[in-house]
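> Below you will find the structure I want to go over with you.
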Amino acid sequence: MKSEEKLQFNNDAIAAIATASGQGGIGIVRISGAGAQAILQKVFRPFGAAEIDENGEMLSHRVYYGKIIGSHGEILDRAIGIYMAGPKSYTGEDVAELQCHGGSKLLQAVLKLVLQSGARLATPGEFTMRAFLNGKLDLTQAEAVADVIDAKTEVSLSLSQAQLGGALSQQFADIEQDLLDLIASIEVGIDFPEDEDALSTEFAELGLQKLMTRLDEILQGARTGRIYREGLRCVLLGEVNVGKSSLFNALLDQERAIVTDIAGTTRDTIEEYIDLDGIPLQLIDTAGLRETDEKVEALGIERSRKQAEAAQLLLLLIDGSRALSEESKALLYEYQTAEPLVVLTKADLPQEKGLEKELLQFVSQEKICAISAQNGTGMQELKELIKKSSVGVDKPREGLINNIRHEQALFEVRHMLEDAYTALMSGMSIDLLGIDLMNAYQKLGEITGKTAGEEVINNIFSKFCLGK
Ligand SMILES: Nc1nc2c(ncn2[C@@H]2O[C@H](COP(=O)(O)OP(=O)(O)OP(=O)(O)O)[C@@H](O)[C@H]2O)c(=O)[nH]1
Ligand SMILES: [Mg+2]
């Protein structure tokens, strides 16, 4: 593994609390690295006639019940102790775990004891980084570890689990192999006994085209993948009293925001996640937009506009029971380029005739829908429309890339292949093509980590939580 050469690899014993902070039934202190077993046995004594080997050492991959002994000989806790000899462990190193009672003071005391016994505190992500450096996981799988922990919906979770299982690794391994095959064929020229140059050029062209198409397909799914992993910021915007907070509550299925008939009820932005058929939708209710001299409201309105700018999907709400106001018209005009979904509200009331027609000056028909937050009319259609405008018809499927890092690297590889293709078409010698393709291969390897530099790797693991 290349990364080992680049990163200074140290297998000194590290330790951390592996479970979430706060109280829980069980809390785990994990130790990994050289001497993990010795440290475990310094602090932990199995009860009774537990099986140990002739050197008095606990056996690997056995569960022991025993006591944790503090520095003054006191019993800190009764716990489960497990020793897992490398490489059959999470990190690939010798690993020991103490499964204690889940109190934060207790776990801190146990961790302190372990640190006094020879381990040092692990940095965030260091366990998983070691797993990567020991070849237990590639980079896409290591990233999936964090994603599984952070998954916002069941769909996000299953996509991350597939990635952890190697769905992306396999996909990129296949592409790497195709690229290597192409490089090899070009270099050896095996398939082209006669008229070598013409044939080999044609072969390279076809191979490149095939690869570019494959990369395009993957890149097309990237936005969808990213939405399932990160969520989609969806902002409800509109004039005062059009029913933003009512719609927010209806989508949330909970009376979260205050609703009144007083114009300017909502002052601050309110954010909540909902699971829309697996899409983690981050809904943001905002203060209604209008001219005001009132200081607090004006600050709220400033926030509304900021949110609208940062939105990935904008819902522009318009009261369907009233004639189109000058204010709403101005908003339609102002936010036209953001391609908002226009939501006509209060569909349970008599609707203003000709309103939809007027809207067509600003948006296309398929971006308009009418709802009632009060009786639920049109809510399903709105949800479908949100889905269509975010993930489109893309179904969540294994192998969707979901990470800007993968996307950027792939995008660069795509460009490199395209440049090589163009050069080839304009008469570049086939010998030179191999060099370009080798560069593309190197770039591709950054995704799984084969060729990733220290900075990339450190950056990925530094985002992990402590103890992972
Ligand atoms: N009939 C009917 N009334 C509604 C509906 N949605 C909202 N309203 C009423 O419209 C008024 C304003 O609703 P809100 O949800 O507070 O409107 P808002 O856009 O959040 O208003 P601000 O926070 O002031 O900007 C309230 O009296 C609601 O009961 C609806 O679907 N049908
Ligand atoms: Mg409101």
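The values are calculated or read from the model by the stated rules, or taken from the named source; none is laboratory data. Keep in mind the model is a prediction, meaning the values are calculated, not measured. FYI the Cβ positions are ideal-geometry reconstructions off the backbone, even for glycines, and counts take in every protein chain you see. Surface areas here come from the heavy atoms of the whole protein model, side chains and all, with no ligands, DNA or RNA. Shrake-Rupley method; radii C 1.70, N 1.55, O 1.52, S 1.80 Å.
> In region 324-468, with Lys and Arg counted as +1 and Asp and Glu as -1 at Cβ, which of these residues, 429, 448, 330, has the Cα nearest the positive end of the dipole, that is, farthest along it?
The residue sitting most towards the positive pole is 448.
> Quick one: length gained pulling residue 12 to residue 425 fully straight, 0.36 nm per residue minus the C-alpha distance?
143.3 nm
> Follow-up question, since we're still on this one. What is the dipole size for the chain, taken about its Cα centre, with +1 at each Lys and Arg Cβ and -1 at each Asp and Glu Cβ, in debye to the nearest 20?
Values: 46 positive and 72 negative charges, 481 e Å.
So the magnitude is around 2320 debye.
> Next question. What's the FRET efficiency of residue 293 with residue 150 using the Cβ-Cβ distance as r and R₀ = 45 Å, to the nearest 0.05? Please report the intermediate quantities before stating the final value.
Working: r = 43 Å, r/R0 = 0.96.
Efficiency at R0 = 45 Å is approximately 0.55.
> Under 5 Å between amide H atoms, partner at least 5 residues away or on a different chain: which partners does residue 76 have, H built in plane at 1.01 Å?
For residue 76, whose amide H was placed from the backbone, the distant partners under 5 Å are 68, 69, 70.
> Work out which chymotrypsin sites (Phe, Trp or Tyr not before Pro) in the chain are exposed loop sites (DSSP not H, G, I, E or B, at most 14 other Cβ within 10 Å) and give the longest gap free of them.
It works out to 48-468.
> For a quick protection proxy, order the peptides 17-25, 148-156 by their average other-Cβ count within 10 Å, most packed first.
148-156, 17-25
> Further question on the same structure: Between region 129-159 and region 431-464, what is the C-alpha centre distance in whole Å?
Each part's Cα centre sits 18 Å from the other's.
> Tell me, what ³J(HN,Hα) does each residue in region 278-290 have, in order and in whole Hz, if you take phi through Karplus 6.51 cos²θ - 1.76 cosθ + 1.60 with θ = phi - 60° and put x for Gly and Pro?
Values per residue, Gly and Pro as x: x, 7, x, 9, 8, 8, 10, 8, 10, 5, x, 8, 6 Hz.
> Pick out, in residue order, every one of the GluC sites (Glu not before Pro) in region 67-127 that is DSSP loop and has at most 13 other C-beta atoms within 10 Å; say none if there are none.
In loop regions of region 67-127 (DSSP not H, G, I, E or B), the sparsely surrounded GluC sites (Glu not before Pro) are 74.
> Sticking with this structure for a sec: Cα gyration tensor of region 222-295, axes a ≥ b ≥ c as square roots of the eigenvalues: rounded (a/c below 1.5), prolate (a/b > b/c) or oblate?
Values: a/c = 3.19, a/b = 1.98, b/c = 1.62.
Verdict is prolate for region 222-295.
> If you don't mind, there's one more thing I want to ask. How many Å² of accessible area per residue for the chain, probe 1.4 Å?
49 Å²
> Using all alpha carbons of region 263-323, what is the percent of pairwise distances in each 10 Å bin, ordered from the shortest bin to the longest?
Spelled out bin by bin, region 263-323 gives 20, 45, 29, 6, 0 percent.
> Here's a follow-up. I need the GluC sites (Glu not before Pro) found in region 348-456, filtered to DSSP loop residues with at most 16 other beta carbons within 10 Å of theirs.
Answer by residue number: 398.
> Scan around residue 102 for amide H atoms under 5 Å from its own, H built in the peptide plane at 1.01 Å from N, and keep only partners 5 or more places away or cross-chain.
24, 26, 27
> Here is a further query. I need the shape label for region 228-390. Rule: rounded when a/c is under 1.5, else prolate if a/b > b/c, else oblate, with a, b, c from the alpha carbon gyration tensor.
Since a/c stays below 1.5, the shape of region 228-390 is classed as rounded.
> If amide hydrogens are placed 1.01 Å from N in the peptide plane, which non-local residues have theirs closer than 5 Å to the one on residue 240?
So residue 240 has HN proximity to 289.
> Can you compute the helix-only [θ] at 222 nm over the chain? Use -39500 (n - 2.57) per DSSP H run of at least 4 residues, normalise by all residues, nearest 500 deg cm²/dmol.
Roughly -14500 deg cm²/dmol at 222 nm, from the helical runs in the chain.
> On alpha carbon coordinates alone, what is the Rg over Rh value for region 1-155, Rh being the Kirkwood radius?
On the Cα set of region 1-155, Rg over Rh gives 0.99.
> Explain nothing, just the number: dipole magnitude of region 106-238 about its Cα centre with +1 on each Lys and Arg Cβ and -1 on each Asp and Glu Cβ, in debye rounded to the nearest 20.
Using only the charged Cβ atoms, the result is roughly 1700 debye.
> Can you give me the distance in nm between label points at residue 54 and residue 303, each placed 7 Å from the Cα along the Cα-to-Cβ direction?
Distance between label points: 7.2 nm.
> Taking a label point 7 Å from the Cα of residue 187 along the Cα→Cβ vector, which residues of region 427-449 have an amide N closer than 19 Å to it?
Correct set: 429-446.
> Also, quick follow-up: Using only the Cα atoms of region 15-96, what do you get for the radius of gyration and for Dmax, in Å?
12.8, 40
> Okay, moving on. Assuming a viscosity of 0.692 mPa s and a temperature of 37 °C, what translational diffusion coefficient in µm² per second does Stokes-Einstein assign to region 328-436, Rh being the Kirkwood radius over Cα pairs?
This corresponds to a translational diffusion coefficient of 178 µm²/s.
> Rounded if a/c is under 1.5, else prolate if a/b beats b/c, else oblate: with a ≥ b ≥ c from the C-alpha gyration tensor eigenvalues square-rooted, which is the chain? Walk me through the numbers before you get to the answer.
Numbers: a/c = 3.04, a/b = 1.25, b/c = 2.44.
Because a/c hits 1.5 or more and a/b fails to exceed b/c, the chain counts as oblate.
> What's the carbon and sulfur percent of the chain's accessible surface, probe 1.4 angstrom, rounded to a whole number?
Whole-percent figure for carbon plus sulfur exposure: 50.
> Rounded to the nearest Å, what's the spacing between the alpha carbon centres of region 217-270 and region 312-346? Just the number, please.
14 Å
> Too long at a 25 Å Cα-Cα cut-off: which of 42/88; 367/395; 306/468; 136/463?
Check vs 25 Å cut-off fails for 306/468.
> Report, as a whole number in µm² per second, the diffusion coefficient that Stokes-Einstein gives for region 375-431 at 10 °C and 1.306 mPa s using the Kirkwood radius over alpha carbon pairs.
104 µm²/s
> Where in region 143-168 does the label zone of residue 275 land, with the point 7 angstrom along Cα→C-beta and an amide N cut-off under 15 Å?
Label zone hits: 148-161.
> Highest mean first, what order results for 252-259, 233-240, 337-344 on Cβ atoms within 10 Å?
233-240, 337-344, 252-259
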